[in-house]
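The values are calculated or read from the model by the stated rules, or taken from the named source; none is laboratory data. Everything quoted here is computed from the prediction, not taken from an experiment. So basically every Cβ, Gly included, is an ideal-geometry build from the backbone, and we count neighbours across all protein chains shown. Quick note on the areas: whole protein, heavy atoms, side chains included, nothing else; ligands and nucleic acids left out. Shrake-Rupley method; radii C 1.70, N 1.55, O 1.52, S 1.80 Å.
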Amino acid sequence: MAAEHAYPPDLARYVEEHWPSPGGLPLPQGLLCEALSVAFEASMTSDEGRPTTFRLLLTPADKLPETGAPNDGVLRLLFDQGRPLSAEELCRLSPSAAFETSLIGAWPEDGKLRIWGIAHSGPAWLAPTWGGRSLVSNWTYDPIVHVTGPGQLAVRCAGKLVGALQRGLLVDTMMDVFDSQWLPALFVREREEVQAEHAGLQAQSASPTLADHSLVGRIGQHMVRRAIQLIRNARHGGMILVVETGSGSAPVDLGAIRLKYRFGQDEPSRRYRGLLLQILERVAATTTKASVGWSDFALDGSPGLQKLEQSVFEWSRLMANLTAIDGAVVVDKRFALVGFGAEVSAEVAVPWRVWRALDTEGRTREPDEVENVGTRHRAAYRFVHSHPEGLAIVVSHDGGVSFVANRENEVVFWEQSVSP
């Protein structure tokens with residue numbers, strides 16, 4: 001898309017032209033433009049310093065069944081009287097319709113948009129972005145407008161982005177570092193170790209089933225996604241530093257990292273690896289195929305696997321909770337907990353220049369001043385400058401997420417999209 005300043009009418013036109021549903025956009029472009037303009041105006045407000053965020057569902061109320069239930073659809077709650085769709089009304093309703101679990105429903109009446117009530121979805125729809133297995137119900141095929149911050153609007157259909165306004169630009173993709181090739185490449189050795197260990201366990205079976213590398217990687221990816229989101233929800237900010245895995249039983253080399261609280265390297269601190277192998281074993285036990293991948297895991301609804309998945313997410317919660325005090329959480333590339341309350345020594349040189357990545361692979365970049373950011377980001381820059389095989393994940397107090405890595409001996413950062 002052209003890098004020109006864009007507004008709600010531009011987004012409305014783009015969404016109509018690129019609407020993916022076969023029947024076309026379910027409401028006239030003019031009314032979509034009106035809804036986006038009202039949502040845009042509401043996004044510019046705040047409540048006690050907190051930005052106004054909400055999801056606006058543009059669908060007729062009678063399209064949602066009365067028997068619907070959260071997480072498997074929506075619980076439709078109708079107002080006894082509709083209310084005009086206005087920025088003021090959206091601002092008033094947004095605190096009671098939490099972005100993560102509810103939507104504000106609106107649809108035209110006599111040619112004018114009116115709010116008909118609230119649709120309570122529960123949080124399961126967040127799974128693909130915040131960590132977990134995907135769930136899409138039929139009601140999501142109508143437009144849903146995500147408002148995540150001042151001037152930040154996204155229109156989605158069936159969970160997929162159609163178009164958005166970000167920093168005044170019209171975009172059709174969001175920056176998702178987890179879609180890159182460079183990020184999983186940092187963990188190749190660890191994935192191969194898990195595959196080899198799992199293969200050893202399966203060798204005793206009459207019909208061995210191996211684990212595909214994509215399954216190993218995506219389980220870890222979803223664990224990290226959930227940890228990031230839990231830190232964002234806590235609103236205190238935090239940083240996770242990923243260091244090289246120690247060789248054998250050798251301790252992890254922390255270099256210039258000073259740990260206030262360091263864990264002993266025994267089974268509890270390495271629990272994630274054990275959970276991962278249990279998941280691979282359970283998925284493999286359900287098939288006679290030569291290998292299992294992500295789709296096998298995603299489609300397995302057995303209680304045992306769900307329990308293991310929840311145990312992985314408890315690992316995410318533990319990691320997130322440890323960021324609540326000053327300093328970073330340190331994990332190795334097997335996601336074993338090394339310690340927390342970590343500081344990157346001020347004696348480590350700050351790179352004289354860092355680069356902002358403009359695409360997921362970081363091939364297109366622009367220079368950025370080191371002094372433009374706070375102490376947490378500068379510590380991340382120093383860390384990857386001195387640990388070129390490491391990774392830093394920085395979550396700001398305002399919910400912004402940055403990944404920082406060393407690419408071709410340059411410190412590069414990616415601003416991860418946080419809009420589901």
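A few comments on the model shown:
- Count of residues meeting criterion [surrounded by 17 or more Cβ atoms within 10 Å (Cβ to Cβ), at pLDDT 90 or above and within 29 Å of GLN202 (Cα to Cα)] in region 233-281: 7
- Restricting region 379-402 to residues that are over 15 Å from VAL242 (Cα atoms) and open to solvent by 60 Å² or more (accessible area, probe 1.4 Å), the residue that is modelled with the lowest pLDDT is ASP398.
- Among the residues examined, GLU309 does not qualify as open to solvent by 40 Å² or more (accessible area, probe 1.4 Å), out of contact with any helix residue (DSSP H, G or I) (no Cβ under 6 Å at 6 or more places or on another chain) and not hydroxyl-bearing (Ser, Thr, Tyr).
- Sub-7 Å Cβ pairs linking a first residue in region 289-317 that is of a type in the set (S, T, N, Q) to a second residue that is open to solvent by less than 20 Å² (accessible area, probe 1.4 Å) and outside any strand (DSSP E or B), at least 6 apart or interchain, are SER291/THR209; SER311/LEU275; SER316/GLY131; SER316/MET223; SER316/ALA227, ordered by first then second residue.
- Looking only at residues in region 129-182 that are among the β-branched types (Val, Ile, Thr) and either part of a loop (DSSP other than H, G, I, E, B) or within 14 Å of ALA39 (Cα to Cα) (or both), the one that is modelled with the lowest pLDDT is VAL136.
- Scope region 336-354; condition in contact (Cβ under 8 Å) with a residue 60 or more places away in the chain and β-branched (Val, Ile, Thr); matching residues: VAL338, VAL344, VAL348
- Some residue of region 252-267 being without any contact (Cβ under 8 Å) to a residue 60 or more places away in the chain, of a type outside the set (A, V, I, L, M, F, W, C) and in contact with a helix residue (DSSP H, G or I) (Cβ under 9 Å, 6 or more places away or on another chain): yes
- Test set (1) within 30 Å of ARG235 (Cβ to Cβ); (2) surrounded by 13 or more Cβ atoms within 10 Å (Cβ to Cβ) - ARG50 fails condition number: (2)
- Options LEU64, LEU78: the member that is open to solvent by 70 Å² or more (accessible area, probe 1.4 Å), within 24 Å of LEU32 (Cβ to Cβ) and more than 27 Å from the chain's Cα centre (by Cα): LEU78
- Pairs meeting the criteria (first residue in region 172-190 and more than 18 Å from ILE393 (Cα to Cα), second residue open to solvent by 50 Å² or more (accessible area, probe 1.4 Å), beta carbons under 8 Å, at least 6 apart or on different chains) are ASP172/MET1; ASP172/HIS18; GLU190/ARG334.
- Evaluation of LYS333 against the conditions (1) touching a His at 6+ places or on another chain (Cβ under 9 Å); (2) in contact (Cβ under 8 Å) with a residue 24 or more places away in the chain; (3) not small (Gly, Ala, Ser) shows that the sole unmet condition is (1).
- Within region 35-70, the set of residues being touching a Leu at 6+ places or on another chain (Cβ under 7 Å) and over 19 Å from VAL145 (Cα atoms) comprises GLY68, ALA69.
- Tally of residues being small (Gly, Ala, Ser) and out of contact with any strand residue (DSSP E or B) (no Cβ under 6 Å at 6 or more places or on another chain) across region 320-344: 3
- In region 183-220, residue most open to solvent (accessible area, probe 1.4 Å) [restricted to those that are more than 18 Å from LEU391 (Cβ to Cβ) and either of a type in the set (Lys, Arg) or part of a loop (DSSP other than H, G, I, E, B) (or both)]: GLN204
- Among residues of region 403-417, those that are closer than 14 Å to VAL224 by Cβ and open to solvent by 10 Å² or more (accessible area, probe 1.4 Å), counted: 1
- Scanning region 221-249 for residues that are among the polar types (S, T, N, Q), part of a helix (DSSP H, G or I) and farther than 20 Å from LEU280 by Cα turns up GLN229, ASN233.
- The set of residues from region 316-331 being part of a helix (DSSP H, G or I) and open to solvent by less than 20 Å² (accessible area, probe 1.4 Å) comprises SER316, MET319, ALA320, THR323.
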